[in-house]
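Colleague: Right, I'll just put the structure down here and ask away after.
The values are calculated or read from the model by the stated rules, or taken from the named source; none is laboratory data. All of these numbers come straight from a predicted model, not from anything done at the bench. Cβ placement follows ideal geometry from the backbone for every residue including glycine, while neighbour counts extend to all protein chains displayed.
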Amino acid sequence: MIDVHAHLDDARFDPDRPALIAALREAGIRRVLNAGSNHESCRRTLRLAAEN
(Lines give C-alpha, C1' and ligand atoms only; values in the text may rest on other atoms or scores of the structure.)
Protein backbone atom coordinates (compact mmCIF):
# COMPACT_ATOMS: atom_id res chain seq x y z
CA MET A 1 0.00 0.00 0.00
CA ILE A 2 1.14 3.57 -0.71
CA ASP A 3 0.26 6.81 1.09
CA VAL A 4 -0.01 9.27 -1.78
CA HIS A 5 -0.06 12.55 0.16
CA ALA A 6 1.83 13.27 3.37
CA HIS A 7 3.79 16.05 5.05
CA LEU A 8 6.07 13.99 7.28
CA ASP A 9 8.71 16.73 7.13
CA ASP A 10 6.43 19.06 9.12
CA ALA A 11 7.98 20.14 12.44
CA ARG A 12 4.90 18.87 14.30
CA PHE A 13 6.17 15.35 13.60
CA ASP A 14 9.71 16.01 14.88
CA PRO A 15 9.19 14.45 18.34
CA ASP A 16 7.76 11.16 17.11
CA ARG A 17 8.63 10.86 13.41
CA PRO A 18 10.61 7.59 13.81
CA ALA A 19 7.71 5.98 15.67
CA LEU A 20 5.25 7.25 13.06
CA ILE A 21 7.31 5.81 10.22
CA ALA A 22 7.58 2.51 12.09
CA ALA A 23 3.80 2.47 12.57
CA LEU A 24 3.27 3.10 8.85
CA ARG A 25 5.50 0.14 8.04
CA GLU A 26 3.70 -2.06 10.56
CA ALA A 27 0.39 -1.08 8.94
CA GLY A 28 1.65 -2.26 5.56
CA ILE A 29 2.47 1.14 4.06
CA ARG A 30 5.50 0.54 1.85
CA ARG A 31 5.88 3.95 0.22
CA VAL A 32 4.93 7.50 1.18
CA LEU A 33 4.76 10.39 -1.27
CA ASN A 34 5.70 13.37 0.85
CA ALA A 35 4.37 16.57 -0.70
CA GLY A 36 6.80 19.46 -0.42
CA SER A 37 5.16 22.82 0.11
CA ASN A 38 8.21 25.02 -0.55
CA HIS A 39 11.92 24.76 -1.34
CA GLU A 40 12.99 24.02 2.24
CA SER A 41 10.23 21.45 2.65
CA CYS A 42 11.53 19.67 -0.44
CA ARG A 43 15.03 19.61 1.08
CA ARG A 44 13.68 18.11 4.30
CA THR A 45 11.79 15.53 2.24
CA LEU A 46 14.98 14.52 0.44
CA ARG A 47 16.74 14.11 3.80
CA LEU A 48 13.89 11.96 5.10
CA ALA A 49 14.02 9.78 2.01
CA ALA A 50 17.76 9.28 2.39
CA GLU A 51 17.38 8.36 6.06
CA ASN A 52 14.49 5.96 5.58
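Colleague: Mind listing whichever residues of segment 23-32 are within 11 Å of the chain's Cα centre (by Cα) and surrounded by 11 or more Cβ atoms within 10 Å (Cβ to Cβ)?
Modeller: Residues satisfying the conditions are LEU24, VAL32.
Colleague: Find the residue count for segment 8-52, including only residues that are of a type outside the set (D, E, K, R) and touching a Gly at 6+ places or on another chain (Cβ under 8 Å).
Modeller: Residues flagged as of a type outside the set (D, E, K, R) and touching a Gly at 6+ places or on another chain (Cβ under 8 Å) within segment 8-52 amount to 2.
Colleague: Another question, then. Cβ-Cβ distance below 9 Å, separation of 6 or more or different chains: which pairs start in segment 37-52 with a residue that is within 10 Å of LEU8 (Cβ to Cβ) and of a type in the set (A, V, I, L, M) and end on one that is in a helix (DSSP H, G or I) and at pLDDT 95 or above?
Modeller: Close Cβ pairs satisfying both conditions: LEU48/ARG17; LEU48/ILE21.
Colleague: Does ALA19 fit the bill of being in a helix (DSSP H, G or I), exposed (fewer than 11 other Cβ atoms within 10 Å of the Cβ) and not charged (D, E, K, R)?
Modeller: Considered against the rule, which asks whether it is in a helix (DSSP H, G or I), exposed (fewer than 11 other Cβ atoms within 10 Å of the Cβ) and not charged (D, E, K, R), ALA19 comes out as yes.
Colleague: Can you name every residue in segment 33-52 that is surrounded by 10 or more Cβ atoms within 10 Å (Cβ to Cβ) and not charged (D, E, K, R)?
Modeller: Within segment 33-52, LEU33, ASN34, ALA35, GLY36, SER37, SER41, CYS42, THR45, LEU46, LEU48, ALA49, ASN52 meet the criteria.
Colleague: Still on this structure: Out of segment 6-16, which residues are surrounded by 16 or more Cβ atoms within 10 Å (Cβ to Cβ) and of a type in the set (A, V, I, L, M)?
Modeller: ALA6, LEU8 - these are the residues of segment 6-16 that are surrounded by 16 or more Cβ atoms within 10 Å (Cβ to Cβ) and of a type in the set (A, V, I, L, M).
Colleague: Can you go through ASN38, ASN52 and tell me which one is of a type outside the set (Gly, Ala, Ser) and at pLDDT below 95?
Modeller: ASN52
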